[in-house]
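Asks: If you scroll down you'll find the structure; I have some questions about it.
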Amino acid sequence: MKQVAEDIYEVKLPLAGSSLKELSSYIIKGRERSCIIDVGFETEECTGILLAAVDALALDRSKTDILLTHSHRDHCGQDPVSREAYMENSFLKCGIPGKLLEHMPPQSDISVPVPPEKISVAEEQDVFSYGRYRFRVLDLKGHMPGMIGFYDEGAGIFFCGDHVLNKITPNIGYYKEGDHSLANYINNLKKIRNLPVTHVFPAHRGEISCLSERVDEILEHHRERLDEITGVLSAKPMCAFEAAGKMTWYYKEGNFQNYPLVMKWMATSEILAHLQYLWEQGEVSRFGGPGETYIYRYGR
């Protein structure tokens, strides 16, 4: 545990088996109520570390709230629900052979909402007060539908979850028809670019030193990605899985074919989100309806 601002503490939680390696959970200590932002995996190790931090800060557990930026498993500790239907549709739309679905690890970090009875849903402009801080909820959907951040304008403190990260770009995947993942993400990056901030605390990879600069870098990354995808697609119509195999990657020396299945699926889902964005912008044609793989062709 490390104090990162007045009455705010960072607790690093190990993410065993994840390429992210650890999650930064944050504790805000207030006089009447306190809170924890994101809680890591639902493991004895993560739980033990968090409870030890709570006890070290002498917090009253009955007066400590848990705020979740989104329901990826490394943030909320919940096992995913409706996994089979979600994964079957994702594999189908990406064009990943369905027979590979049985080889997916049983608890892969996938994007399925937590059941509504488990949580009260916060909406943009809701305010949560803890001690000296008043955190306003910001809609940050893109990395995941329903993702939120917490921002105290007076203190200039912004908890951004996975919306903006150092060194890596958050995965922007395909969820379902009509979610507009990449369009939402780009719009919400632009929305927070010029926030007056003194501290930007993400969930991974350390504090953001310059928010506007990092936002510009991520926006440029996606512009380059979209250009590369149209270049790949100009050869012939193809599905997201085929296109992903022709893209530039950096994980494991860029050899997409040797990626573990989970990484291969996440990469393909991100390519599908970019293809959907290009289709929504009218730059590519799309073929395939319900129950079919989406095929894209450059041009109309």
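The values are calculated or read from the model by the stated rules, or taken from the named source; none is laboratory data. This is a predicted model, so every value here is computed, not measured. Heads up, the Cβs are rebuilt from the backbone with ideal geometry, glycines too, and the neighbour counts pull from every protein chain shown. When the accessible area is computed, the model is the full protein with side chains, heavy atoms only, and any ligands, DNA or RNA have been set aside. Shrake-Rupley method; radii C 1.70, N 1.55, O 1.52, S 1.80 Å.
Asks: Can you name the residue in segment 147-158 that is part of a loop (DSSP other than H, G, I, E, B) and not acidic (D, E) and, of all such residues, is surrounded by the most Cβ atoms within 10 Å (Cβ to Cβ)?
Replies: Checked segment 147-158; the qualifying residue surrounded by the most Cβ atoms within 10 Å (Cβ to Cβ) is M147.
Asks: Could I ask something else about it? Inside segment 113-128, can you point out the residues that are modelled with pLDDT of 95 or more and surrounded by 14 or more Cβ atoms within 10 Å (Cβ to Cβ)?
Replies: Looking only at segment 113-128, we keep the residues that are modelled with pLDDT of 95 or more, and these are 127-128.
Across segment 113-128, the qualifying residue is only F128.
Asks: Looking only at segment 1-21, count every residue that is of a type in the set (G, A, S) and open to solvent by 40 Å² or more (accessible area, probe 1.4 Å) and tell me the total.
Replies: Counting residues in segment 1-21 that are of a type in the set (G, A, S) and open to solvent by 40 Å² or more (accessible area, probe 1.4 Å) gives 3.
Asks: Of the numbered conditions (1) over 22 Å from V262 (Cβ atoms); (2) modelled with pLDDT under 95; (3) of a type in the set (V, I, T), I110 satisfies every one except a single condition; which is it?
Replies: (1)
Asks: Could you tell me which of the residues L189, L140 is within 21 Å of R223 (Cα to Cα), touching a strand residue (DSSP E or B) at 6+ places or on another chain (Cβ under 6 Å) and touching a residue at least 12 places away in the same chain (Cβ under 8 Å)?
Replies: L140
Asks: Let me ask something additional. Out of the residues in segment 266-295 that are of a type in the set (F, W, Y) and either assigned to a strand (DSSP E or B) or over 11 Å from K93 (Cβ atoms) (or both), which is most open to solvent (accessible area, probe 1.4 Å)?
Replies: Residue satisfying both the conditions and the ranking: F287.
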